[in-house]
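Here is the structure we will look at.
The values are calculated or read from the model by the stated rules, or taken from the named source; none is laboratory data. Since we're looking at a predicted model, the values are computed, not measured. Neighbour counts run over all protein chains shown; Cβ positions are idealised from the backbone, glycine included. Only protein heavy atoms, including side chains, enter the accessible area calculation; ligands, DNA and RNA are left aside. Shrake-Rupley method; radii C 1.70, N 1.55, O 1.52, S 1.80 Å.
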Amino acid sequence: MSVPAATRKKVESLREQIRHHNYQYHVLDDPEVPDAEYDRLTRELQALESEYPELITPDSPTQRVGAAPISAFGTVQHQLPMLSLDNAFSEEELRDFHRRVADRLEIEIDAKLSYAAEPKLDGAAVSLLYQDGNLVQGATRGDGTRGENITHNVRTIESIPLKLYGEGYPATLEVRGEVFMPRAGFNAFNAQAEKKGEKTFVNPRNAAAGSLRQLDPRLTAERPLDIYVYSVGHVAGGILPDRHSEVLDQLQLWGFKVCPERKVVDGIDGCLAFYEEIGARRDSLSYDIDGVVYKVDRFDYQRELGFVSRAPRWAIAHKFPAQEELTTVQGIEFQVGRTGAVTPVARLEPVFVGGVTVSNATLHNMDELHRKDVRVGDTVIVRRAGDVIPEVVKVMPDRRPERTRIVKAPRECPVCGSAVVREEDEAVARCTGGLFCPAQRAEALKHFVSRRAMDVDGLGSKLIEQLVAMDRIETPADLYGLTREELVEMERMGEKSAENLLSSIEDSKMTTLSRFLYGLGVREVGEATASSLASHYGKLEAIMAADEGGLQEVQDVGPVVASRITAFFGEEHNREVIQRLIDSGVTWPEAEPPPRATDGALFGKTFVLTGSLSGMTRNEAKDRIQAAGGKVTGSVSKKTDYLVAGDKAGSKLTKAQNLEVTVLNEVELEKLLSDQ
């Protein structure tokens, strides 16, 4: 039976009306019709789609909950990383951030600089991908590089448009936002769950994150979730405004909810005023926040500032004061990490703080423990801020019981009995047992299989500790020799779990050079440094053969990091483990390193660029210097050979003059480059 043209037209009309009313209600908070009229339109559309199922489309407002439950979450690779933010906990730290921004942009510290400011929601970050205006994918942040595919769940959130509103949007548009559960909805949901005798949520943040990880979208649809979008990711086939604040305005016109509390402020004083204003209203907001986020508003400035590690240099989260509680110290123990660091940990009388029950808190190192003078039996203030590991803030000396003892560092490792030593220039004491120490072995293996390293799913801490205790695993290479027969004999490990683990171990063999380097656990080599090494050299053999001088040509690698890398690869034992891993099938795509000049007057010379150049951009100047063998860094030091000063050169020029660094103008730089 063919569908009458009038019916097709009616269906499209109903969908447009419903989308319009959704926009008015969710985005503008200004409904034009009562709920009864909205429900009538929805029921009429449902009736027509039921009669003519061939008219049903994925973007229809009736199709939010249509998917069947899934058996497991798929993985999504983010085309642009979903970065985390650095935190500021005080006005001084925020002013330091502003000072770094001004210095890198080479503007006066008190110059007018616009920041886009908005509350920092305490929810779950998601990515939403639209193709030709239709929602095609939703994903969690995950580790920033890869997340879980939660498309079936984000479709159930009514404030997320299935089809974009209006026109002019890019062919491909990825937006990032925070899914949260409003306080009223959280309280109502918990009250209903308690009435039914079901499990309740501890706080709205856990409620939002847990709801997004339901395998059955019908369960997610029952949760009162909402979203505010805060940025864009990958964009193609269209142009967006050149300021962050204007992009948010545009996203709102396309049907996205953005935080109504957002504001553009001037300079650091504007940021602080916004922080005070939002802080004063925090308890009256309809959603939980744990601070304020500031972003440099201009995108050209953002591009110039760039990134460091996993965070942008152009944004920061200004956190509200941490939540604190009183409790007592029941014991102080020493944990041994994967690098041998012996760290004091306070065992506490359990206390509920920051939405969770805390029973352990870090004391960082022996210097910190003695500075705070924490003893067993003390009453202490314990602090937890967001995801930060709980810490002991200070002791309440007037509540100290009699005959307490000062805690001393152990002379022997609490795990293997090896000597504990502390180098003169370090605050951390270390076990000298190396891989002989089961704790170091276990922690090194946990790091190797972690999500951001080799990403072996199903190999948890308890299982690794069991395998190490049995002396079944001594190095990461031993993981690739595990068999199903021995795994099924392990505690809490059935045949299915063993098969899944072996499959995950097999999958981990195909990795990337940066992940492999990070997983090796070289001291001082984090994710960012591992990525820089992989990009700079392209091949593992080249990194292993590099000397300290060559390594320091890599971005963010200084003398200490370079010495750690050469020492690690200089150990024959480590080389043997790496070869065994490769022989086991661990592999990654290798690339030829980018060409670097190794001769000419600029080889081994370090440059810093400051001010505006007229004949070329600073990026062009940087590329030409590097092509001629030079190194370009961001700050002036005694190791700087040349400072290239353009118009309006700032504080870097003064510092270079004080250090008697050679200063070149643009003409002199051009001559130097032309002589190569």
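Tell me, what is the FRET efficiency for SER563 and ASP249 to the nearest 0.05, using R0 = 35 angstrom and their Cβ-Cβ distance as r? That gives a FRET efficiency of 0.10. For region 94-169, GluC sites (Glu not before Pro) meeting the loop criterion (DSSP other than H, G, I, E, B) and having at most 10 other Cβ atoms within 10 Å: GLU167.
Between the C-alpha center of region 296-335 and that of region 193-259 there is a gap of 22 Å. Based on DSSP, what percent of beta bridges with both residues in the chain are antiparallel, to the nearest 5? Antiparallel bridges: around 85 percent, rounded to the nearest 5. When its C-alpha radius of gyration is set against 2.2 N^0.38 Å (N residues), region 514-654 gives a value of 1.21. Highest mean packing first, where packing is the average number of other Cβ atoms within 10 Å per residue, the peptides 72-79, 581-588, 518-525 line up as 518-525, 581-588, 72-79. Based only on the alpha carbon positions, what is the Kirkwood hydrodynamic radius of region 70-225, in angstrom? Roughly 18.1 Å, rounded to one decimal. Rg and Dmax over the alpha-carbon atoms of region 1-141 stand at 23.3, 73 Å. Overall dimensions of region 66-159, expressed as equivalent-ellipsoid semi-axes from the Cα gyration tensor (√(5λ), whole Å, largest first), are 37, 14, 13.
Highest mean packing first, where packing is the average number of other Cβ atoms within 10 Å per residue, the peptides 534-542, 397-405 line up as 534-542, 397-405. Across the alpha-carbon set of region 333-386, the Rg to Rh ratio works out to 0.98, Rh being the Kirkwood radius. Solvent-free Debye calculation, one equal scatterer per alpha-carbon of region 431-489: log10 I(q)/I(0) at 0.16, 0.18, 0.19, 0.25 Å⁻¹ equals -0.47, -0.59, -0.65, -1.10.
Calculated accessible area for the chain comes out at 50 Å² per residue, all protein chains present (probe 1.4 Å; ligands, DNA, RNA ignored). Summing charges over all other residues whose Cβ lies under 13 Å from the Cβ of ALA649, with Lys and Arg as +1 and Asp and Glu as -1, gives -1. A cut-off under 15 angstrom between Cβ atoms defines the neighbours of GLY481, and their net charge, with Lys, Arg +1 and Asp, Glu -1, is -4.
Once the convex hull of all Cα atoms in the chain is built, its volume per residue stands at 222 Å³. As a length-normalised measure over Cα pairs under 8 Å and 6 or more apart, the relative contact order of the chain settles at 9 percent. Rg and Dmax of region 255-402, based on Cα coordinates, read 19.9, 65 Å. Charge dipole (Cα centre; +1 on Lys/Arg Cβ, -1 on Asp/Glu Cβ; no other charges) of region 292-365 amounts to roughly 360 debye. Calculated FRET efficiency, GLU12 to ASP507, Cβ-Cβ distance, R0 = 56 Å: about 0.80 to the nearest 0.05. A crude spin-label estimate for the pair ARG218 and ASP300, with each label 7 Å from Cα along the Cβ direction, gives 5.6 nm.
When restricted to Cα atoms, region 436-585 yields an Rg and a Dmax of 16.2, 51 Å, respectively.
Once Rg and the Kirkwood radius are both taken over the C-alpha atoms of region 292-369, their ratio Rg/Rh works out to 1.17. Kirkwood hydrodynamic radius computed over region 171-228 comes to 12.2 Å, based on all pairs of distinct alpha carbons. Extension gain for GLN137-GLU670 works out to 187.0 nm (0.36 nm per residue, less the C-alpha to C-alpha distance). Here the chain is assigned +1 on the Cβ of each Lys and Arg and -1 on the Cβ of each Asp and Glu. Its dipole about the Cα centre then comes out at about 800 debye.
What the Cβ-Cβ distance of GLU276 and SER2 gives, at R0 = 51 Å and to the nearest 0.05, is a FRET efficiency of 0.20.
Projecting the Cα atoms of ALA280, PRO260, VAL308 onto the dipole axis of region 242-311, where Lys and Arg carry +1 and Asp and Glu carry -1 at the beta carbon, places VAL308 farthest toward the positive end. Solvent-accessible surface (1.4 Å probe) assigned to CYS271 amounts to roughly 0 Å². Inter-label distance, GLU541 to THR432: 3.8 nm, where each label sits 7 Å from its Cα along the C-beta direction. Cysteines in the chain that lack a partner Cβ within the 4.7 Å cut-off: CYS259, CYS271.
Other residues whose C-beta falls under 11 angstrom from the C-beta of ASP143 contribute a net charge of +3, scoring Lys and Arg +1 and Asp and Glu -1. Surface composition of the chain: carbon and sulfur make up 48 percent of the accessible area, probe 1.4 Å. With all protein chains in place and ligands, DNA and RNA left out, the 1.4 Å accessible area ranks ILE381, ILE109, ILE239, ILE227 as ILE239, ILE109, ILE381, ILE227, largest first. Here the label points at ASP647 and HIS234, each 7 Å from Cα along the C-beta direction, are separated by 4.0 nm in the simple model. Rolling a 1.4 Å probe over the protein chains gives GLU491 an accessible area of about 120 Å². Over all projection directions, the Cα-based convex hull of region 347-475 averages an area of 10.4 nm².
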